[in-house]
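Notes to accompany the following structure.
The values are calculated or read from the model by the stated rules, or taken from the named source; none is laboratory data. Nothing here was measured: the structure is a model prediction, and the numbers come from that model. Quick reminder, even Gly has a Cβ in these numbers, built from the backbone with ideal geometry, and neighbours come from all protein chains shown. We work out accessible area using only protein heavy atoms, side chains counted, and drop any ligands, DNA or RNA first. Shrake-Rupley method; radii C 1.70, N 1.55, O 1.52, S 1.80 Å.
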Amino acid sequence: MANVSELQIERRKFKPVLPDVLKNGSASIKLVKGKATQSVADQDEIKEIFKNIYGLPEVRFKKGTNAVAAKKAIKVAVVLSGGQAPGGHNVIAGLFDGLKEANSENTLIGYLGGPSGILENKYKEISKELLCEYRNTGGFDFIQSGRTKIETPEQFSLTKANLLTSKVDALVVVGGDDSNTNAAMIAEYLKKENLGKCVVGVPKTIDGDLKNKYIETSFGFDTATKIYSELVGNICRDVNSAQKYWHFVRLMGRSASHITLEVGFKTQPNIVLVGEEILSKNMKLAKVVENIVDVIIRRSQAGKNFGVVLVPEGLIEFIPEMKELISVLNDTLAENADAVAKLSSIRDKKEFVCGKLPKELSDLMKSLPADIASQLMLDRDPHGNVQVSLIETEKLLIEMVHKKLSELKKENKYKGKFSAITHFFGYEGRCGIPSNFDANYTYALGYNAAMLVINGLTGYLSSVRNLVKSPEQWECGGIPLTMMMNIERRHGKEKPVIQKALVDLDGKPFKEFVKNRDEWAVSESYIFPGPIQYFGPADVTDMMTRTLRYEQSEK
């Protein structure tokens, strides 16, 4: 790495803090097994699919003696799967250090370019010298990532062959809910083949939707929301300075509004849309627009023709009529994939698909602005989901808000001015230099994953919790991947997937937001968090997300 910033040079010196239970090495870490587990839903179906790894017990690490840790040297492979998240390199660093502490002859390789590297058997051996350049850095550029799914019999067979050829004893998959579902499928296949190989997952996603009682947060969420909050805070200060624009900011988060809610806490803008609330109240698109217009009018009556609106990336999928349209579109496009592929223009594809939709949904599709309708027709991602990051929901809202305000102006019910500016903050947050929290957390997750592998566990997700405490007090162990699963419809078929964690409308974070949003709407209660701080008082450098603080205060 020829070009290195001053900050990166300093961050190389940062030494992540390990939880006390891991500090004395693998020989001093005792494995404690809990009771057998079951999936969160669809138990019979999940058990049938995962005959060999279903029902595994939760495991915890305690201080004690461990004779298993002294066994022969092993070779472990790590793969980064899905979108980038700050801290991925520290997962690799923790994994490497954990393996080498247990046995200096242990080897770590990294598959290149994500799961496709497994299928193509492309990897590099990770050495202390190579890794030194990447400790405490953002991005996944050390070994890159990818979104390939390993799901066909041919792919499973090739995975088996390449793991055997490379003499890999264990595979660590760093990814989100879809990637770790894939990890479970690989673990099941290898167990069925009786190969004695381990597969362990690590929870990664800036979206924050891979969490539960045992996974308190996914890594990268802390850093990404701090980056977005700096940007939104800057916009809040600008809007309060110029006082003539409405800024509509769409934030990453395909299936949940965790990022938007957290950034809302950190910056306190005038409007924060939470998709889960819109879905629970069965709001139509017109009602969402009406609510925004109401705040705009109230502020205008006070002489404030400005404000900031936060829009979750996946909002369009939470509006019931749009959710139904997208669901039927997904199935229709999957069922008619060959016919649609032969059509040359978006217009032709739209006409073809509209002809296959029920009349009500066809009418809705035709009523949407041309750009939005076209974006709904774009290719799906490898998991069969509409690519909501390509749908400019904020522009849809602005267009409809402008239309509604124009109607009200003609009726003499609105006398203000409405000038809007749009933003989408997504990729800006995925590869940032990890915060101290994420640097510590990811290193612990990687080291913990090494302990799971050394103990011969397969089908588990690395779990580090008690995160509101200092890193020394964090608790470590593993939870079965099947424990988090249910059955969902993907690509027109019922498939096992790890259940996404949506914003809990009965939870403390959302209730805290509801208590404050009316005041935020009419005032300028803006907060300006500024950039992530790596040096200075612990209150500034080591702060955790408001979401995590509120959630853990419930316990």
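Structure notes:
- Model label zone, Ala302; criterion: amide N under 17 Å from point 7 Å along Cα-to-beta-carbon; scope the stretch 500-527: 515-527
- Computed E for Lys122/Leu378 - FRET, C-beta separation, R0 25 angstrom, nearest 0.05: 0.30
- Charge dipole (the stretch 171-301, unit charges on Cβ, about Cα centre) - positive-most of Phe219, Met185, Val199: Phe219
- FRET efficiency for Lys511 and Val40, using Cβ-Cβ distance with R0 set to 30 Å, rounded to 0.05: 0.80
- Computed magnitude of the charge dipole of the chain (debye, nearest 20; Cβ of K, R +1, Cβ of D, E -1): 500 debye
- Here the stretch 161-245 has 45 percent of its accessible surface on carbon and sulfur atoms, given a 1.4 Å probe and all protein chains in place.
- Helix 436-454 and the long axis of the chain differ in direction by around 40°, with both axes built from C-alpha atoms.
- Reachable lysines from Lys128, criterion Cα separation under 26 angstrom, eight or more residues apart if same chain: Lys13, Lys15, Lys23, Lys71, Lys72, Lys75, Lys100, Lys167, Lys197, Lys204
- Our summary gives the stretch 104-247 a relative contact order of 15 percent, counting only alpha carbon pairs under 8 angstrom and 6 or more residues apart.
- Ordered from largest to smallest accessible area (heavy atoms of protein chains, 1.4 Å probe), the residues Leu158, Leu195 come out as Leu158, Leu195.
- Highest mean packing first, where packing is the average number of other Cβ atoms within 10 Å per residue, the peptides 250-263, 516-529 line up as 250-263, 516-529.
- What separates the Cα centres of the stretch 387-428 and the stretch 119-134 is a distance of 47 Å.
- Once the Cα-Cα distance is subtracted from the 0.36 nm per residue extended length, the Lys47 to Leu130 segment shows a gain of 25.7 nm.
- Extension gain, Lys417 back to Glu151 (0.36 nm per residue minus Cα-Cα distance, nm): 90.4 nm
- Heavy-atom accessible area per residue - the stretch 132-203, 1.4 Å, Å²: 35 Å²
- Span from the the stretch 484-555 Cα centroid across to the the stretch 36-83 one, whole angstrom: 28 Å
- Evaluated with a Cβ-only charge set (Lys, Arg +1; Asp, Glu -1), the stretch 5-134 carries a dipole of roughly 640 debye about its Cα centre, given to the nearest 20.
- Distant-in-sequence amide H partners of Leu210 (H built 1.01 Å from N, under 5 Å): Ser218, Ala501
- Cα-based helix-to-principal-axis angle, 320-335 vs the chain, degrees rounded to 10: 60 degrees
- Here the peptides 83-92, 32-41, 131-140, 422-431 are ranked by packing, the mean other Cβ count within 10 Å, and the order with the highest first is 83-92, 131-140, 422-431, 32-41.
- Förster-model FRET efficiency, 41 Å R0, Val522 and Ile9, C-beta, rounded to 0.05: 0.30
- Pairs from the list Lys323/Lys415; Lys149/Lys211; Lys342/Lys404; Lys30/Lys495; Lys63/Lys160 with a Cα-Cα gap above 28 Å: Lys323/Lys415; Lys342/Lys404; Lys30/Lys495; Lys63/Lys160.
- Under 5 Å, built H, 5+ apart or other chain: amide partners of Gly138: Ile433
- Rolling a 1.4 angstrom probe over the protein heavy atoms with all chains in place gives the stretch 365-509 an accessible area of 39 Å² per residue.
- Rounded tilt (10° steps) of 221-242 against the dominant C-alpha axis of the chain: 20 degrees
- Computed on the chain, with alpha-carbon pairs under 8 angstrom and 6+ residues apart, the relative contact order is 24 percent.
- Expressed as a whole percent, the accessible area of the stretch 19-84 that falls on carbon and sulfur atoms is 50 (1.4 Å probe).
- Stretchable slack from Ala337 to Glu360, in nm (0.36 nm times residue separation minus alpha-carbon distance): 6.0 nm
- Accessible surface of the stretch 426-471, 1.4 Å probe: 51 percent of it comes from carbon and sulfur atoms.
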